[in-house]
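Enquirer: Once you've had a glance at the structure underneath, I'll fire off some questions.
The values are calculated or read from the model by the stated rules, or taken from the named source; none is laboratory data. Keep in mind the model is a prediction, meaning the values are calculated, not measured. Heads up, the Cβs are rebuilt from the backbone with ideal geometry, glycines too, and the neighbour counts pull from every protein chain shown. Calculation scope for accessible area: heavy atoms of the full protein, side chains included, ligands and nucleic acids excluded. Shrake-Rupley method; radii C 1.70, N 1.55, O 1.52, S 1.80 Å.
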Amino acid sequence: MTEPAITPPSGCPAHANAAPLYGPRFQTDPGQLYRELREAHGPVAPVELAGGVPAWLVIGYRELQLVTSQPKVFGRDSTRWNMWPEIPEDWPLKPMMAPAPSILYTEGEEHQRRKAAVTDALAGVDPYELKKYCEEIADGLIDEFAGRGEADLVAEYAHRLPLLVLCRMFGLSEDEAPVLISGLLAMLDGGADALAGAQKLLESMLRLVKEKSGRPGADVTSRLIAHEAGLSEEEVMRDLRVILIAGHQPCAYWIANALRLMLTDERFAASLSGGRRSISQALSEALWEDTPTQIFAGRWATRDTQLGGQRIAAGDMVLLGYAGANSDPTVRQESGVPAEGNRAYMSFSYGPHSCPFPAQEAAEVIAATAIEVLLDRLPDIRLAAAESALVWRPSAWVRALVALPVAYTPGHALG
């Protein structure tokens, strides 16, 4: 059954023919959609989310910098959204933007207080210990499928490794991992189970906070609880969920997307056995071409304004189109490739609400180590399906494969 379309406030004519950020076309080739949007509308385009919900998608690199660096014009508090009266309670995308007392939706001094606590808690993670964790966990995961000669690198590796590392960083039991993964995927896919998935994550974080309040340890959770910012139990619980989602989702899909690139692009063929193009180059290119967080929701206009030639009304939702901005011709060379040395930093956002640097650094350590260990253990790894048969997740937010089937010689893995 088709969901009834929701009418934009004031009947905005720009959204009459807005492009949908859902469906097979968007799922399989969002890059082509971004190119068409840029040609038709410029750096800011009218789009609609599932259910006909209108929004503005920023796909201009410069415009994205402006939005993320001007919180007084484009605020993070989603209670400003002028569409809330029209949004049904069971709207599947609601968990990604519903007002919540977490670090994501705070502004000004309150956001600075919360971000300082999170940054300090993450800064306490020793990068050498982190790499050691990654290597141990990667070896353990590979041991589970090494003798088979085939594996799905998404479900069996890329999804699990960052989450198991985060569990160790948080002081969580690894037994929680399956529950956390199912909750994360449900929430990000925006399907019928999205609301239940979001609640499942909160419940896990609440149990953890209660446990660590009584028995603190050398972990991120305990450091958040003890931080001088004086976070309440609910604040710690909700900010841990933010760190979990922000730490797992981009990292898991960064690993998978970089591996897909290395397994399908002949330029990286020799790298699979330590050749021409490095893992670092593959990770950088994956950030540019298939950045894991392709769209982020979002910002809300605090007043009537203009952006990229569009009239944005107070309360309009502005989506951060990281993938679209990465393909902006203004940041590409004439050859169409990104300028040398630019690490696609916009993929981690920009401005006051950008991903804290300790988290960016940790994500790169986890992703690079995951690929290094995998290629060392499975040197003849190869794609076990046609590239055209690979399926992308049906999510407006992430650019992520459903599965990445591979084959290899079991003897190599066990040697």
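Enquirer: Please list, ordered by residue number, the helices (runs of 4 or more DSSP H) wholly in the stretch 139-248 having 2 or more residues that are within 19 Å of the chain's Cα centre (by Cα).
Expert: Output list reads 160-170, 177-189, 194-214.
Enquirer: So which of Pro92, Pro71, Pro99 ends up being open to solvent by 50 Å² or more (accessible area, probe 1.4 Å), touching a helix residue (DSSP H, G or I) at 6+ places or on another chain (Cβ under 7 Å), part of a loop (DSSP other than H, G, I, E, B) and under 27 Å from Ala186 (Cβ atoms)?
Expert: Result of the check over Pro92, Pro71, Pro99: Pro99.
Enquirer: If I filter the stretch 74-89 down to residues being open to solvent by 40 Å² or more (accessible area, probe 1.4 Å) and assigned to a loop (DSSP other than H, G, I, E, B), which single residue comes out as farthest from Glu36 (Cα to Cα)?
Expert: Of the residues in the stretch 74-89, the ones open to solvent by 40 Å² or more (accessible area, probe 1.4 Å) are 77, 79-80, 82, 84-86, 88-89.
In the following step, the residues that additionally are assigned to a loop (DSSP other than H, G, I, E, B) were identified as 77, 82, 88-89.
Numbers: Asp77: 30, Asn82: 27, Pro88: 30, Glu89: 33 Å.
Once the filter is applied, the top-ranked residue is Glu89.
Enquirer: Would you check if there is a residue in the stretch 390-400 being under 12 Å from Leu259 (Cβ atoms) and open to solvent by 30 Å² or more (accessible area, probe 1.4 Å)?
Expert: no
Enquirer: A further question follows. I'd like to check something: does the stretch 6-17 contain any residue that is over 28 Å from Ala100 (Cα atoms), open to solvent by 50 Å² or more (accessible area, probe 1.4 Å) and either at pLDDT 95 or above or hydrophobic (A, V, I, L, M, F, W, C) (or both)?
Expert: yes
Enquirer: Another question, then. Please work out which one of (1) assigned to a loop (DSSP other than H, G, I, E, B); (2) closer than 29 Å to Glu364 by Cβ; (3) open to solvent by less than 20 Å² (accessible area, probe 1.4 Å) is the condition Val125 fails and give its number.
Expert: For Val125, the exception is condition (3).
Enquirer: What about Glu234, is it on the phi < 0 side of the Ramachandran plot, surrounded by fewer than 16 Cβ atoms within 10 Å (Cβ to Cβ) and touching a residue at least 40 places away in the same chain (Cβ under 8 Å)?
Expert: yes
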